[in-house]
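**Q** Take a look at the following structure, please.
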Amino acid sequence: MTVAIKKVGVIGSGQMGNGIAHVAALAGFDVVLNDVSGDRLKSALATINGNLTRQVAKKAISETDRKQALDRITSAESLDALADCDLVIETAIEKEETKRKIFHEVCAVLKPEAIVATNSSSISITRLAASTDRPEKFIGIHFMNPVPAMELVELIRGIATDDMTFDTAKAFVAKLGKQVAVSEDFPAFIVNRILLPMINEAIYTLYEGVGNVEAIDAAMKLGAHHPMGPLELADFIGLDTCLSIMQVLHEGLADSKYRPCPLLVKYVEAGWLGRKSQRGFYDYRGDKPIPTR
């Protein structure tokens, strides 16, 4: 049994938030995109329009589809605008305190039957659910980046998540045209439990001088047919996000194999977060990315 989802709220208009708003609007849902910054919301809407325009150019969607999707998205700086949403998905920074604060505030304005979801890529769904007034209506809906292009969504139940919430989330993901992978509520779930330790090991390989940035990325692209090298991928994900996930794994599983590489810590402390800050394992400030080591 499922609940009808017609209006979707998305909290956070960054890479993940605007991507989720994009695919939800394209699938016919009304979307409220929320962010505390009006400038970020304007930038997000411009990004969504640009990505939809590219889909039109590739003949993946029609011009009418683009216009209708944009018309379905409204932006709001206040959480009050989410009051009549059937489903709200949080996409804030991967910090548990920040997410818990958002859930505490948003639950106060939501209707009692609304489902609350997090796009967290690593944090315990059960713990986050406990910060809400509706743990049985709370679920992890973890999209991959970039959302419009990636086919997979991880669904993660907390200990209290009821069957109706799970079935509704599964039907919602199916309507977006994406595939579900169901994960148990363990640190980093499935994709990042496998992917992030590989990226962390690539950073250790750089840190220990086994190879430079270009050699490590070329080795995995040409030797293992990965579409992006692990250091290039880390920059794309965001080095702060990579570090947060490794910290969750290290603390949650208490195994030294998940210890974040000191070089990753150093880059984050320097504010070198990858593409979003223009510097990470590559420097993006010129015409083409240049390795920084």
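**Q** Give me the one-decimal nm value for the distance between modelled label points at Ala160 and Val36, 7 Å along each residue's Cα-to-Cβ direction.
**A** It works out to 2.5 nm between the two label points.
**Q** Which net charge results when you count Lys and Arg as +1 and Asp and Glu as -1 among the other residues whose beta-carbon is under 14 Å from that of Val213?
**A** Its environment carries a net charge of -2.
**Q** Among 141-147, 191-197, 281-287, how do they line up by average Cβ neighbours within 10 Å per residue, starting with the highest?
**A** My ranking of the peptides, most packed first, is 141-147, 191-197, 281-287.
**Q** Can you give me the relative contact order of the range 7-183 as a percent, contacts being Cα pairs under 8 Å and 6 or more apart?
**A** 20
**Q** Between Ala270 and Asn145, what is the spin-label point distance in nm, taking each point 7 Å from the Cα along the Cα→C-beta axis?
**A** Each label point lies 7 Å from its Cα, and together they span 2.0 nm.
**Q** Within a Cβ distance under 13 Å of Arg100, other residues only, what is the Lys/Arg minus Asp/Glu net charge?
**A** With Lys, Arg at +1 and Asp, Glu at -1, the neighbours total -2.
**Q** Using all alpha carbons of the range 139-260, what is the percent of pairwise distances in each 5 Å bin, ordered from the shortest bin to the longest?
**A** 2, 10, 18, 19, 18, 15, 10, 5, 3, 1, 0
**Q** Right, something else. Could you check the spin-label model distance between Val210 and Lys58? Points 7 Å from the Cα along Cα→Cβ, value in nm.
**A** About 3.3 nm, to one decimal.
**Q** Sketch the reach of a paramagnetic label on Met1 as a point 7 Å from Cα along Cα-to-Cβ, and name the residues of the range 84-122 whose backbone nitrogen lies under 17 Å away.
**A** Counting backbone N atoms under 17 Å from the label point, the list is 113-115.
**Q** Please give the peptides 47-59, 266-278 ranked by average Cβ packing (other Cβ atoms within 10 Å per residue), highest first, as a rough proxy for protection.
**A** Averaged packing, sorted descending, gives the order 266-278, 47-59.
**Q** Let me ask another. Could you please state, rounded to a whole Å, how far the C-alpha centre of the range 46-78 is from the C-alpha centre of the range 224-244?
**A** Here the two parts' Cα centres lie 27 Å apart.
**Q** Give the carbon-plus-sulfur fraction of the accessible surface of the chain in %, rounded to a whole number; probe 1.4 Å, heavy atoms of protein chains only.
**A** 54
**Q** Putting +1 on Lys and Arg Cβ atoms and -1 on Asp and Glu Cβ atoms, find which of Val88, Asn145, Ala25 reaches farthest to the positive end of the dipole of the range 7-183.
**A** Asn145
**Q** Rounding to the nearest 20 debye, state how big the charge dipole of the chain is about its Cα centre with +1 on each Lys and Arg Cβ and -1 on each Asp and Glu Cβ.
**A** Using Cβ point charges on Lys, Arg, Asp and Glu, the chain gives about 640 debye.
**Q** When ligands, DNA and RNA are left out and all protein chains stay put, how many square angstrom of accessible area per residue does the chain have with a 1.4 Å probe?
**A** 47
The values are calculated or read from the model by the stated rules, or taken from the named source; none is laboratory data. Nothing here was measured: the structure is a model prediction, and the numbers come from that model. Cβ sites come from the backbone with ideal geometry, for glycine too, and all protein chains shown count toward neighbours. We work out accessible area using only protein heavy atoms, side chains counted, and drop any ligands, DNA or RNA first. Shrake-Rupley method; radii C 1.70, N 1.55, O 1.52, S 1.80 Å.
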